[in-house]
Amino acid sequence: MNCHCSKCRRTTGSAFKPFAGIERDKLSVTKGEGNLLIFGDGDNHDAHCKACCSLLYSVVNDGALIHVAMGTLVDEPTIRPTAHIFVGSKAPWYTITDNLPQHEELP
């Protein structure tokens, strides 16, 4: 999805955050865990690269899910965004121009 909430806009420095969700127990950091900057607590936090400060992923829903920032993937993802969420708080200077469903909040 593409999230337009104010937190995602601040975290990415962009109009929205394209992300893919995955269950927390299905994602593991296999190398470089010491190079992460963690903002937040254990069950809800953002993980950034210590070297470049890019947002890598967000742990959400009290630790149940991880939202992987699509822009940080090296390989082209096999999935595409399916909707825009939190468009009720989107940046007023940004216009959504695709035909994906738009939700005021989380569907």
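The values are calculated or read from the model by the stated rules, or taken from the named source; none is laboratory data. Predicted, not measured: the structure shown is a model, and the values here were computed from it. Virtual Cβ from ideal backbone geometry, glycine too; neighbours counted across all protein chains shown.
Some notes on this structure:
- For Ala15, the criteria (1) among the small types (Gly, Ala, Ser); (2) surrounded by 13 or more Cβ atoms within 10 Å (Cβ to Cβ); (3) not in a loop (DSSP other than H, G, I, E, B) hold in every case but one, which is (3).
- Condition check for Cys3: at pLDDT below 95 and of a type outside the set (S, T, N, Q): no
- Residue match in segment 41-59 (condition: touching a residue at least 40 places away in the same chain (Cβ under 8 Å) and not β-branched (Val, Ile, Thr)): yes
- Segment 20-70, subset of a type in the set (D, E, K, R) and assigned to a helix (DSSP H, G or I), residue surrounded by the most Cβ atoms within 10 Å (Cβ to Cβ): Arg24
- Of all residues in segment 1-27, those that are more than 13 Å from Gly71 (Cα to Cα) have Cβ atoms under 6 Å from Cβ atoms of residues that are of a type in the set (Lys, Arg) and not in a strand (DSSP E or B), 6 or more apart or on another chain, in His4/Lys90.
- Checked against (1) in contact (Cβ under 8 Å) with a residue 60 or more places away in the chain; (2) surrounded by 13 or more Cβ atoms within 10 Å (Cβ to Cβ), Thr82 passes all but condition (2).
- Selection status of Arg10, at pLDDT below 95, in a helix (DSSP H, G or I) and either in contact with a Phe, Trp or Tyr (Cβ under 8 Å, 6 or more places away or on another chain) or exposed (fewer than 14 other Cβ atoms within 10 Å of the Cβ) (or both): yes
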